[in-house]
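Undergrad: For reference, the structure I am asking about is given below.
The values are calculated or read from the model by the stated rules, or taken from the named source; none is laboratory data. Remember, predicted model here, so these are calculated numbers, not experimental data. With ideal geometry, Cβ positions are generated from the backbone for all residues, glycine too; neighbour counts draw on all protein chains shown.
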């Protein structure tokens, strides 16, 4: 249903008709109920799709008014999120969900908690929040427990398991007589002190007042703690945990919500303060961090910028590889066509070696049609050249074209040292190394693009940047692009810190920066010359 449903012009009549017919068949054959209940026990997400409701009071005063309570038709990212939560619970591991505002994550958590309690005996689901009023307050639809009760009240009686609001619902507690399961709530410093939970959701975890008091109590409460929050900078355990690389993370960005588009975002940008927009909409952890290199608003403007500005991508086509070690970092390959970041892919190097990573990169170049590959030759990447030579020999023996490799070193001196990227300062005088130069060049591309998109400022089309909206790892790339900070060293030169506050290495963003590096055209020209030399030699 969700794949064909029009979420922007929602018409629930067809969904309601299907539910009525489904209920008619069930009541005509009540003997099928035990098997159906077992089916939903195994697939709680399908139960939410088939019978769940959600509520939104914002359309009640429109003309004509929109219904407040409507079927909960999950869109694809919500299904992925619910599946991810269930995987954490079944694996007995913690997880973290970073979310943009108003994407239905709270409703999803409430519906999933209620469904698990309806069909599984002995389940205790916990909800925690900084303020008790966020969990339960009489008649307040913004509270999580109001959402749970609303979900239960609108279910067919056959699925309520004997639940009755007047007898089985108290403040911060809902019990399920059919399964002896329960949903409990705890607030403030008391989160996690109420016993044992099968799964525990911590709502708006970035806004807890004394999170250190909660860590220890929840550690003994549950094997599956799910922190859910919008972003509130880096100075909190939620942000530290999110960037530690030690916990599974699910990113729920507003672009994952089919009800939202660029016009919605533009309206949010008009009505929200910049810091709120960055944290609660863009999921930018470093919006208020001094020296943030690329603001999240600039990054959003660059998504699909070539379409917004009517530019047909043209120019060089090349790929770039950022090589990872065998630990938690990922290998990343980025491919560009002119100003357009056209391809993006990451993969783990764990359990393999550098040669296997280069083979994978060459395979992606073959798949995407790139003849040249730039690679980070600092550190581990220094071995790429030898592996590339062997792989190309194998390719030629198999009758395939070579893919020519060119090294890039961020640690070396700036490219074109006597040139000037910023008026009044030579590149050698302004940048501490090439890494700082290339990240600054990327900053300038995003700034020009943002001005062109947001205010129609004139700009050289070839000096802009566009991120394809179809990139499979676009959300993660946006996180990584907003991560680096900059400062001046003792000589007054710009230094870039790609991993501030203990964050993980931005592999996708690094690959992109290399692909757009200064002198890429010259490197590509070198590749063409090498091709010509080989053709001449073979002749």
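Undergrad: Mind listing whichever residues of the stretch 408-420 are surrounded by fewer than 16 Cβ atoms within 10 Å (Cβ to Cβ) and either under 18 Å from residue 356 (Cα atoms) or in contact (Cβ under 8 Å) with a residue 40 or more places away in the chain (or both)?
TA: Result: 416, single match.
Undergrad: State all residues of the stretch 8-44 that are without any contact (Cβ under 8 Å) to a residue 60 or more places away in the chain, part of a helix (DSSP H, G or I), surrounded by 13 or more Cβ atoms within 10 Å (Cβ to Cβ) and under 30 Å from the mean Cα position of the chain (by Cα); if no residue qualifies, say none.
TA: 15
Undergrad: Looking at the stretch 68-99, which of the residues that are touching a strand residue (DSSP E or B) at 6+ places or on another chain (Cβ under 6 Å) and in a loop (DSSP other than H, G, I, E, B) is farthest from residue 52 (Cα to Cα)?
TA: The selected residue is 94.
Undergrad: Scan the stretch 350-381 for residues that are surrounded by fewer than 20 Cβ atoms within 10 Å (Cβ to Cβ) and within 16 Å of residue 329 (Cβ to Cβ) and jot them down.
TA: Of everything in the stretch 350-381, those that are surrounded by fewer than 20 Cβ atoms within 10 Å (Cβ to Cβ) and within 16 Å of residue 329 (Cβ to Cβ) turn out to be 350, 351, 352, 353, 356, 360, 378, 379, 380.
Undergrad: Do we find that residue 227 is in contact with a strand residue (DSSP E or B) (Cβ under 9 Å, 6 or more places away or on another chain), surrounded by fewer than 18 Cβ atoms within 10 Å (Cβ to Cβ), touching a residue at least 24 places away in the same chain (Cβ under 8 Å) and on the phi < 0 side of the Ramachandran plot in this structure? Even if it seems obvious, please write down each step before you answer.
TA: Details: in contact with a strand residue (DSSP E or B) (Cβ under 9 Å, 6 or more places away or on another chain): yes; surrounded by fewer than 18 Cβ atoms within 10 Å (Cβ to Cβ): no; touching a residue at least 24 places away in the same chain (Cβ under 8 Å): yes; on the phi < 0 side of the Ramachandran plot: yes.
Criteria not met by residue 227.
Undergrad: Moving on. Considering (1) out of contact with any helix residue (DSSP H, G or I) (no Cβ under 9 Å at 6 or more places or on another chain); (2) part of a helix (DSSP H, G or I); (3) within 24 Å of residue 87 (Cβ to Cβ), say which one residue 255 fails and leave the rest.
TA: Every listed condition holds for residue 255 apart from (1).
Undergrad: Of all strands (runs of 3 or more DSSP E) completely enclosed by the stretch 299-375, which ones contain at least 2 residues that are over 19 Å from residue 481 (Cα atoms) and at pLDDT below 95?
TA: Working: elements: 317-322, 330-337, 340-348.
Those strands (runs of 3 or more DSSP E) span 317-322.
Undergrad: A further question on this structure: Quick check on the stretch 277-290: of everything there that is surrounded by 15 or more Cβ atoms within 10 Å (Cβ to Cβ) and over 17 Å from the mean Cα position of the chain (by Cα), which residue is nearest to residue 232 (Cα to Cα)?
TA: Going residue by residue through the stretch 277-290, those that are surrounded by 15 or more Cβ atoms within 10 Å (Cβ to Cβ) are 277-289.
After this cut, where a residue has to be over 17 Å from the mean Cα position of the chain (by Cα) as well, the list is 288-289.
Values: 288: 9, 289: 11 Å.
Top of the filtered list is 288.
Undergrad: Here is a list: 193, 137. Which entry is farther than 13 Å from residue 226 by Cβ and in contact (Cβ under 8 Å) with a residue 24 or more places away in the chain? Break it down into steps so the answer makes sense when it comes.
TA: Details: 137 fails: in contact (Cβ under 8 Å) with a residue 24 or more places away in the chain.
Matching residue, one of 193, 137: 193.
Undergrad: Are there helices (runs of 4 or more DSSP H) fully within the stretch 122-203 with at least 2 residues that are buried (at least 19 other Cβ atoms within 10 Å of the Cβ)? List them.
TA: Numbers: elements: 132-135, 144-153, 165-168.
Those helices (runs of 4 or more DSSP H) span 132-135, 144-153.
Undergrad: Would it be correct to say that residue 244 is under 21 Å from residue 87 (Cβ atoms) and modelled with pLDDT under 80?
TA: On the way: under 21 Å from residue 87 (Cβ atoms): yes; modelled with pLDDT under 80: yes.
Yes.
Undergrad: If I ask for residues that are in a loop (DSSP other than H, G, I, E, B) and surrounded by fewer than 18 Cβ atoms within 10 Å (Cβ to Cβ), which ones from the stretch 258-273 would you list?
TA: Step one: of the stretch 258-273, the residues in a loop (DSSP other than H, G, I, E, B) are 258-261, 272-273.
Of everything in the stretch 258-273, those that are in a loop (DSSP other than H, G, I, E, B) and surrounded by fewer than 18 Cβ atoms within 10 Å (Cβ to Cβ) turn out to be 258, 259, 261, 272, 273.
Undergrad: Looking at 410, 419, which is the one that is touching a strand residue (DSSP E or B) at 6+ places or on another chain (Cβ under 9 Å) and in a loop (DSSP other than H, G, I, E, B)?
TA: Working: 419 fails: touching a strand residue (DSSP E or B) at 6+ places or on another chain (Cβ under 9 Å).
Matching residue, one of 410, 419: 410.
Undergrad: Right, another one. Out of curiosity, is residue 443 more than 28 Å from the chain's Cα centre (by Cα) and either surrounded by fewer than 20 Cβ atoms within 10 Å (Cβ to Cβ) or assigned by TED's automatic domain parsing to the domain that holds residue 296 (or both)?
TA: Values: more than 28 Å from the chain's Cα centre (by Cα): no; either surrounded by fewer than 20 Cβ atoms within 10 Å (Cβ to Cβ) or assigned by TED's automatic domain parsing to the domain that holds residue 296 (or both): yes.
Judged against the criteria, residue 443 is not a match.
Undergrad: Are any residues in the stretch 336-360 under 23 Å from residue 385 (Cβ atoms) and in contact with a strand residue (DSSP E or B) (Cβ under 7 Å, 6 or more places away or on another chain), and if so, which ones?
TA: 336, 343, 345, 346, 347, 348, 349, 357, 360, listed by residue number.
Undergrad: Separate question: Just give me the residues in the stretch 224-247 being closer than 17 Å to residue 109 by Cα and not in a strand (DSSP E or B), in sequence order. Step through it out loud before you land on a result.
TA: Step one: list which residues in the stretch 224-247 are closer than 17 Å to residue 109 by Cα, which gives 224-230.
Across the stretch 224-247, the qualifying residues are 224, 230.
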